[in-house]
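First comes the structure, then the notes that go with it.
The values are calculated or read from the model by the stated rules, or taken from the named source; none is laboratory data. Keep in mind that this is a model prediction, so the values were computed, not measured. Ideal geometry is used to build each Cβ from the backbone, glycine not excepted, and the neighbour counts take in all protein chains shown. The protein model used for the area step is the full one, side chains on, heavy atoms only, and it has no ligands, DNA or RNA in it. Shrake-Rupley method; radii C 1.70, N 1.55, O 1.52, S 1.80 Å.
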Amino acid sequence: MTELAAFSDTYAEARKKFLDAARRAGAKISSYQHPSERGPAGEPLCLDVSVLGPGNASRLFVVGSGTHGIEGYPGSAVQRAWLRSRPRLPRDTAVVFFHGQNPWGFAHKTRTTEENVDLNRNFIDFGAPLPANPGYEEVHPLIALRDWSDAAVEGAFAGLDAFRERVGEKAFSDAFNGGQYTRPDGIFYGGARPQWANHAFRAALETHAGRAAKVAFLDLHTGIGPWCDHVYLCFHPEGSPARERARTWWGERAVNLQGVTHKKLATYSGTIIDAVAQMLPQAEVTSIVVEFGTLPRRDMQRAGLAQRWMRFEGQRDPVLASKVRREYEAAFYPAAPEWRRAVLEQSKEFIDRGVAGVAAS
Ligand SMILES: [Zn+2]
């Protein structure tokens, strides 16, 4: 039972456990505090960074949690449990954990930032024309529910199904969750400007990885994949050395989309992984997303609609909103002990493999 103590119910609890584990492991800690926003209990919101191993190591294995706020609860548990596992590092290698990459969403238990921005669509060049997503203009009126009920949600899905039939799976995924920059009250909104969390991430990455020769970045998420299992999303192009490294370190499943519950993955704009590649031109970069599966895709889409409804309409019906909130939280942060145990077991293995991989590459 004690291993499940790695999991937390609030951001403040998760942050404290992470910082305690990092200190006990002998890691160095830096914190980047949000200048104006606070958590629900008035607590400060920070991106916290732990560095275990030499600060000037030429090889770094970086693990990020909480890009999508609420998904940081399992991510934080993964980081804390690994720090407590008495890891032994290969020489000239450091393990860097970024805890709470979107701490506002983490503390307020939602995927997005204080401006309803999906941080994982926010790393675009805001000096250039914003990416267009004409398909989303068709999706938005279908999913922007004023009232929440099973009938209203079923109506939305009927519209979405008709749209998907017409445009096909890939265009549907691009429209639905590729990212959009026109509807601040929509889903997968990439923002009109860089978020504070974007600036904080860039500052932390520059400070901690700006001089390393080899950097691996693994971003922890939940919501895609089978229950109690994890899937890898590798965005390095087919045939690239980085993709081959991912295959060598984690096996074929790192690159073949094994277990991915989307029939076609969207082409995403502005991901945090894009930022890592752009910001570290000096380094040989290997990046990967790991998703722990929770519920089937349709339930996750329903959760996306619920998130939007809670934020923009839920205050009109607080009783219903708290019921919708429980369903939403369970979709991204399941309480089932078998799920939480699977997260800890599987993450220990893939982090150890990644550390060994970057040390040997
Ligand atoms: Zn995510």
Carbon and sulfur atoms account, in whole percent of the 1.4 Å probe accessible area of the chain, for 53
Pseudo-spin-label distance SER31 to ALA336, built 7 Å along Cα→Cβ, given in nm, is 3.6
Amide proton proximity set for PHE123, modelled H, under 5 Å, gap of 5+: THR271
By how many degrees, between 0 and 90 and to the nearest 10, does the Cα long axis of helix 72-83 differ from the longest principal axis of the chain? 10
In segment 168-280, taking the dipole from +1 charges on Lys and Arg beta carbons and -1 charges on Asp and Glu beta carbons about the Cα centre, the listed residue (PHE172, TYR189, PHE235) farthest towards the positive end is PHE235
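When the helices in the chain are scored as -39500 (n - 2.57) per DSSP H run of 4 or longer and the sum is shared across all residues, what 222 nm value do you end up with, to the nearest 500 deg cm²/dmol?
So the helix-based figure for the chain works out to -14000 deg cm²/dmol.
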Distance between the C-alpha centers of segment 174-200 and segment 300-361? Whole Å please. 19
When each of LYS16/LYS348; LYS109/LYS263; LYS28/LYS214; LYS17/LYS348; LYS16/LYS109; LYS109/LYS170 is checked by Cα-Cα distance, pairs over 25 Å: LYS109/LYS263; LYS109/LYS170
Heavy atoms only, 1.4 Å probe, whole protein assembly: order LYS17, LYS170 by accessible area, highest first. LYS170, LYS17
Give the shape of the chain as rounded, prolate or oblate, defined through the alpha-carbon gyration tensor: a ≥ b ≥ c are the square roots of its eigenvalues, a/c under 1.5 means rounded, and otherwise the shape is prolate if a/b is larger than b/c and oblate if not. prolate
Share of antiparallel DSSP beta bridges in the chain, in percent to the nearest 5? 40
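Expressed in whole Å with the largest first, what are the equivalent ellipsoid semi-axes of segment 89-201 derived from the C-alpha gyration tensor as the square root of 5 times each eigenvalue?
Ellipsoid semi-axes (Å, largest first): 31, 17, 16.
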Accessible surface, 1.4 Å probe, highest first, among residues THR2, THR93: THR2, THR93
Dipole magnitude of the chain about its Cα centre (Cβ charges: Lys, Arg +1; Asp, Glu -1), debye to nearest 20: 1000
State to the nearest 20 debye the size of the charge dipole of segment 132-209 about its Cα centre, where the only charges are +1 on K and R beta carbons and -1 on D and E beta carbons. 360
Accessible heavy-atom area order of GLU154, GLU284, highest first, probe of 1.4 Å: GLU154, GLU284
If you roll a 1.4 Å probe over the heavy atoms of the protein chains, what accessible area per residue do you get for segment 152-210, in Å²? 38
